[in-house]
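Below you'll find the structure, written out as structure tokens, and then a few comments.
The values are calculated or read from the model by the stated rules, or taken from the named source; none is laboratory data. Just so we're clear, the structure is a prediction, and the values are computed from it rather than from any experiment. Neighbour counts are summed over all protein chains in view; Cβ atoms, including those assigned to glycine, are modelled from backbone coordinates with ideal geometry. The protein model used for the area step is the full one, side chains on, heavy atoms only, and it has no ligands, DNA or RNA in it. Shrake-Rupley method; radii C 1.70, N 1.55, O 1.52, S 1.80 Å.
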Amino acid sequence: MDDKGSVGKISVSSDSVSTLNSEDFVLVSRLGDDTPSSTNNGSDDEKTGLKVISEEGVSFKIVGNGSEQQLQRELEDVLMDPSVADAGLGSDTGMASLTGDDHGGDHGLLSNTSPVPPGSDPLSVAPPKLEMVLPVQTAQESELNERSYRGDESSSEGSPGSPIPDEDSVVFSQLTYLGCASVNAPRSEVEALRMMSILRGQCQLPLDVTLSVPGVSEGTVRLLDPHNNTEIANYPIYKILFCVRGHDGTPESDCFAFTESHYNAEIFRIHVFRCQIQEAVSRILYSFATAFRRSAKRAFLSSQQAAPLTPDSDLFTFTVSLEIREDDGKGTFSAVAKDKDKQSFKLRAGLDKKIVIYVQQTSNKELAIERCFGLLLSPGKNVKNSDMHLLDLESMGKSSDGKSYIITGSWNPNTPQFQAVNEETPKDKFMYMTTAVDLVITEVEEPVRFLLETRVRVCSPNDRLFWPFGKRSYTETFYLKLRQMERKERKSPSSDTLYEVVSLESETEREKRKTTASPNILPTGPGTMAPSPPEDDEEEDNDEPLLSGSGDVSKECAEKILETWGDLLSKWHMNLSVRPRQLPALVRSGIPEALRGEVWQLLAGCHNNDHQVEEYRTLITKESPQDSAITRDINRTFPAHDYFKDTGGDGQDSLYKICKAYSVYDEEIGYCQGQSFLAAVLLLHMPEEQAFSVLVKIMFDYGLRDLFKQNFEDLHCKFFILERLMQEYIPDLYNHFLNVGLEAHMYASQWFLTLFTAKFPLYMVFHIIDLLLCEGISVIFNVALALLKTSKDDLIQTDFEGALKFFRVPVPKRYRSEENAKKLMELACSMKISQKKLKKYEKEYHTIREQQEQEEAPIERYERENRRLQEANMRLEQENDDLAHELVSSKIALRKDLDNAEEKADALNKELLLTKQKLVDSEDEKRRLEEESAQLKEMCRRELDKSESEIKKNGTIIGEYKQICSQLSQRLEQQQTATRGELEKIRSKVEGCEKCSSLFNKEGRIRVAATKAPAGGPDETDEEKESLKNQLREMELELAQTKLQLVEAECKIQDLEHHLGLALNEVQAAKKTWFNRTLSSIKTVTGTQGKDTA
């Protein structure tokens, strides 16, 4: 919803501002105000509402007709006016007073009072005020009121309309309290609006009140009597859960309400108010919101006054991460891992890829990333802008948690411009690739480009990459220096642009600049060294212990070793019940990382575990009594590993399910600390179901669960055996530990309970599990003795505390190097500790224990048992407290889920009603279209019949025309034939007559030469000539008439053919236009109707 109708577009002015409904805010200058910060500390937009988290963790949500950012910006233009801020330099109080004049009519709306100085009369001292009045009268009256407010403050000193509570607050008058009611969903906007409508309609005796909203989160909302300023009721801010206003265009548009928890119980009430001036509702909601930011604002202002601004006050820090994904051939794109040196991506040639950029701001005021308008890529380093190539953007937007901005682009490496990064790189070589992302930030004038230069290696597309849980992204930190722009420097006064870019520098560039600028800081003396350790390496004397899950394990392996293992596995699969003879020797050298998952399952005997897989799927659906302990330990397991470090990620989820399933599976032992580390190691090599099966085998078949039984009796036996072995193999260290009082349980408990998985690097841990699964749990003694032997010289020089610290910090860090770890494991494998000797020491331990029990006095035994029972009781009480806490938390969560479900149900009901209405409209439309279709069909049928009759008529006419033409042709031919016959007759007569033959030639023409007149007489000859001439003229005339008739007939034929062509064209055009359009419209209507019906 848009909030312009309720708040208006407020312009910046020191005296008055206008709203869209032509009302005036009259602002009276006074001493300084603690104006609300433009930084939304602890607030979070949630669709139509604002959720504010106070410093004490109190959650407070506001829902109104518009976004809180717009409301805040518009109100801050009034509250943060420079003239008002300048007037407050001499004030000793930091709060504003916003009030009306009770003597000036009902125009007073709200006041913000400051506490009275100690020792003064609250009625005789008028605190400095900043007054904001919302009049509903004419401009002249507003001006008079402004003068009266500015003129004489002493006249209102004793006025009861200016309440002075015991805390900084904003006081709103001209409110009517409509009543309260109980609600089940205190954070549901739908239920709040429903109760608001009910109370507004049913309220018969409204109560005029004044509302006091505190300026800090520790304050209290108070209802005051407007006549005598006495308190009617109060509600602490931390109890207020939700605030909502009525929607515009409804009778409740002048109402607002808030819900609060009643008497610290699970009873929630809603209190509804009506404001006589509707525009004040938005200001009231804003006052509620700012209450939770005032304390943080004051602390920030005091720190600013105490220390000057640093040069980094306009420095914004961003972390930009690059992730490359490749087509895995299964229809998805998997992230490409990095080499063991954590410096170069290993790509496969010819495969489609995706570039994913994660941008997250880590310091200073949050800047809003509006969009990404370019993702570019180029082979090489230090490339020019013209050499960058634009990628196709697939998606952009914020992550689910709202912390990062994610840009995804598709990359086809087979194009010519990317040929350099699509060819195989020689071994031990690499090349550079540059990626750039251009971002439009709302508050920054120009786009910001983040440039990432990374190393890549290109391998064959058939190569298998074996690090699914390795580091997958490259991260760089950028420092963006901005300068705040003056209003006149902006492109437009209403623009959101606030800053211009001064500089942008990456962490790498900054380090290079520092190194170049101060080269003398490097050690230069003789014998000094300045090595560049890997990013994971730290000083060994650092007191911080090595995080569990540290170290990378490469899956690259020599071809000969892989071939040897391949032959062994082929033979082993033929007979899984018998281990190959050469297996122990190969295992002592370490199983190749690429094959560990398969070999571990074969060593543990989990090759046929379908029943356990099904059992696991059932176990994860059951409840575990140790769920809280499991959840607590999951976050502490392998925090240094990418797969397990993300809370709620896939790794932690799978680890939780395995630990939970085992706690249900083994009811006697359940879940114990340390199991999660072993389960995590297994998860790095196989799926959940197989990892659970191997974990069960290790716990039961390898005797690890015995260490947790009978008050860790077997674990103490292992400690005794270790000390006896030390006495035999390392007597000087054993004697030193006796002298300083260091016992095995003080440093070796994690070695046995977690199988060295908790503190040592993964390369060493994986090798230990190799030996454990092959030779049994006794290898722990070999590794422990090897550790003690290699560290003997250092340990002998330590005291009690130093030895413990040495075991905790330097010992694990020493084996981050693969070379050191290999030497240690070689030493451990070379130490021959017979099972006979271990049995002997175990028997010796049990003998000593029996003697101790026999010598122990009954009272001491009972006291020890009593202590054990007390510890068990304390543990049970702690579990009871945890369960009670979980119960309360679950109730709160269920209440929240119920509220969400009710809101979702309301939304679904609305959607259902809309869908039903759409269905009714669709059925009406369907009926209308069916009627139109029937009409069109009938009209089409009539027009078709008419066209057929016209075609028949035209056909008849054409037939008649053809018949007439044929008759005329026949008549012409007959006349021509008769004419030729008569001409032949005349020619024959002329030729038969001597006189005529002399006058005419063979062609029938009159001879030119004059002939002598015959003797018979001239008159006779002349008469004959005349008669012949007459006959000839008649014949020529008849011939001309015949030719004329022939021409007329041909003209008629042509005319008829022309008419025939026109008729055919008309018929064809009628078929192609009207008829086709009618048919296509009918088909379209019937097709659409079929889709709607479907």
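Would you mind calculating the gained length between residue 182 and residue 869 on full extension (0.36 nm times residue separation, minus the Cα-Cα distance), in nm to one decimal?
242.5 nm
Just list whichever of 365/398; 555/660; 759/813 have alpha carbons separated by over 19 Å in the model shown.
555/660
Using a 7 Å offset from the Cα along the Cα-to-Cβ direction at both residue 477 and residue 927, what is the distance between the two label points in nm, to one decimal?
7.1
Pulled fully out, how much extra length does the chain show between residue 962 and residue 796, if you take 0.36 nm times their separation in residues and subtract their Cα-Cα distance?
46.6 nm
Would you please give the FRET efficiency between residue 560 and residue 902, computed as 1/(1 + (r/R0)^6) with r the Cβ-Cβ distance and R0 = 56 Å, to the nearest 0.05?
Values: r = 67 Å, r/R0 = 1.20.
Plugging the Cβ-Cβ distance into 1/(1 + (r/R0)^6) gives 0.25.
For residue 600, tell me the accessible area in Å² from a 1.4 Å probe, rounded to the nearest 10.
The accessible area of residue 600 comes to roughly 0 Å².
With every protein chain kept in the model, how would you rank 888, 209 by accessible area, 1.4 Å probe, largest at the top?
Order by accessible area, largest first: 888, 209.
For 659, 557, what's the largest-to-smallest order of accessible area, 1.4 Å probe?
Ranked list, largest accessible area first: 557, 659.
What's the extension gain from residue 585 to residue 939 if we count 0.36 nm per residue and subtract their Cα-Cα distance?
Full extension of this stretch gives 118.0 nm more.
Report, in debye and to the nearest 20, how large the dipole of segment 327-465 comes out about its Cα centre when Lys and Arg carry +1 and Asp and Glu carry -1 on their Cβ.
Working: 20 positive and 20 negative charges, 120 e Å.
I would put it at about 580 debye.
Apply 1/(1 + (r/R0)^6) to the Cβ-Cβ distance of residue 840 and residue 398, taking R0 = 60 Å, and write down the FRET efficiency to the nearest 0.05.
So, using R0 = 60 Å, E works out to roughly 0.35.
Simple spin-label model, 7 Å along Cα-to-Cβ: residue 1029 to residue 827 in nm?
15.7
Using a 7 Å offset from the Cα along the Cα-to-Cβ direction at both residue 808 and residue 735, what is the distance between the two label points in nm, to one decimal?
About 2.9 nm, to one decimal.
Provide the FRET efficiency to the nearest 0.05 for the residue 973-residue 1066 pair, computing r from the beta carbons and using R0 = 25 Å.
So, using R0 = 25 Å, E works out to roughly 0.15.
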